[in-house]
Amino acid sequence: MKILVLNCGSSSVKYKLFNMDGQDVLAQGGVEKLGMPGSFLKFTLPDGEKVVLEKDLPEHTVAIEFILSILIDEKYGCIQSYNEIDAVGHRVVHGAEEFNSSVEITPEVIGKMVECIDLAPLHNPPNLKGIRAISSLLPEIRQVGVFDTAFHQTMPPYAYMYGLPYSYYKKYGIRRYGFHGTSHRYVSRRACDILGVRYEDQKIITAHIGNGGSITAIKDGKSVDTSMGLTPVEGLLMGTRCGDIDAGALAYLMDREGLDAKGVSDLINKRSGVWGLSGISSDMRDIEAAVADGDKRATMALDVYNYRIRKYIGAYAAALGGCDILVFTGGVGENQWRTRQVVCENMEYMGMKIDVAKNDGMRGEEMVISTPDSKVTVMVVPTDEEYMIASDTLEILTKK
């Protein structure tokens, strides 16, 4: 079975085409600058060569139609016709309490996804555009939605409720939902596969850290707490998002700076985080370079970034009553070995011991980076959300 996976953002469309019989990636790439001047499609050929094709791509249907045309292109394609695509799996950011697992797309499901738009106004609309584009271009093909929030629907109420009037939860669904669920689910399962241990018997902390970041506590195969909340702002310090902040500070700034709701949203989502603290960049590679040059603000930003990660790991070890496995993933988790070292080196009280030599310089590989006598197995597992989406799609469609 060949499954196409789409991840539609506001200005991008990422894709992967899988042959699930051999779990092979047949094609991968993405459209960038969608709806803007200079839009282009970038993809990787089987031999590793990267190709960039510039084209005016004003909206999602045109972009997806272009991607599909490349899949059957005589020069760049990997399939003979669209009939070879058996299904399409979509990443959907917010499923609220409506979806606790991946589902086949139906008109009823689309209606419920529309109801969730208020909770993810930047993410769900482009996700829906991708679904509607496929419905228009390939009307007979079956589609599956895989929700970032679904994995965290096992959190107990004491972990997801805010200390606000209960009426706001009933009226508006104000609670913690969490995100990156597909990634947390994949790397936690993959870690157990690598170690040869039973997933349902482990206490696992997964750290998906990068420009966006979240940490999840997983007990007996279920998410019991996660650092992101109603929106992806809560929790860790991120590239441009502030993470945890006193709500009173925002009320104070609204008064002093004359900010409205849109202004506050822009502040906490786009002008804060590592970029806001350092004044240099939201990219951790730039921050590490500035730290090496002795920049004090960059050093402070990196210290805050690392401290938040360590603090959440410690908190979730307490929530779980211990930790068997700690998994690093995401752009920073997989590649920034110094951050892994700094986060772990003060965790000896948990019996955690990192193998400094093994961790030093290690990027993008599946590897155990703790010492043999460490009570916590510390690992790096590159995430593969697209494969998880394809796997869910296969599972759902082969049940019927």
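The values are calculated or read from the model by the stated rules, or taken from the named source; none is laboratory data. Quick caveat: nothing in here was measured; it's all calculated off a predicted structure. Don't worry about glycine lacking a Cβ; one is built from the backbone with ideal geometry, like all the others, and counts go over all protein chains shown.
Couple of notes before you dig in:
- For residue 114: the one exception among (1) surrounded by fewer than 22 Cβ atoms within 10 Å (Cβ to Cβ); (2) at pLDDT 95 or above: (2)
- Within segment 365-400, being over 30 Å from residue 90 (Cα atoms) and among the hydroxyl-bearing types (Ser, Thr, Tyr) holds for 370, 371, 374, 377.
- Assessment of segment 338-357 against the conditions (buried (at least 18 other Cβ atoms within 10 Å of the Cβ), outside any loop (DSSP other than H, G, I, E, B) and on the phi > 0 side of the Ramachandran plot) yields no matching residue.
For (1) of a type outside the set (Gly, Ala, Ser); (2) at pLDDT 95 or above; (3) closer than 21 Å to residue 279 by Cβ, each residue gets a yes or a no:
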site	(1), (2), (3)
207	no, yes, no
220	yes, yes, no
235	no, yes, no
239	no, no, yes
245	yes, yes, yes
249	no, yes, yes
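- Restricting segment 220-230 to residues that are more than 19 Å from residue 333 (Cα to Cα) and in contact with a Ser or Thr (Cβ under 9 Å, 6 or more places away or on another chain) leaves a set whose member that is surrounded by the fewest Cβ atoms within 10 Å (Cβ to Cβ) is 222.
- Given (1) surrounded by 15 or more Cβ atoms within 10 Å (Cβ to Cβ); (2) outside any helix (DSSP H, G or I), number of the condition residue 294 does not satisfy: (1)
- Residue check: residue 181 meets all listed conditions (1) in contact with a Phe, Trp or Tyr (Cβ under 9 Å, 6 or more places away or on another chain); (2) of a type in the set (Gly, Ala, Ser); (3) at pLDDT below 95 but one, namely (3).
- Residues located in segment 260-279, provided they are of a type in the set (Val, Ile, Thr) and crowded, with 17+ Cβ neighbours inside 10 Å: 268, 274
Here is a yes/no grid of residues against (1) surrounded by 13 or more Cβ atoms within 10 Å (Cβ to Cβ); (2) basic (Lys, Arg); (3) in contact with a helix residue (DSSP H, G or I) (Cβ under 9 Å, 6 or more places away or on another chain):
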site: 41; (1), (2), (3): yes, no, yes
site: 44; (1), (2), (3): yes, no, no
site: 57; (1), (2), (3): yes, no, yes
site: 76; (1), (2), (3): yes, no, yes
site: 80; (1), (2), (3): no, no, no
site: 90; (1), (2), (3): yes, no, yes
site: 94; (1), (2), (3): yes, no, yes
site: 128; (1), (2), (3): yes, no, yes
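- Cβ pairs under 9 Å, 6+ apart, first in segment 161-178 and assigned to a helix (DSSP H, G or I), second acidic (Asp, Glu): 172/118
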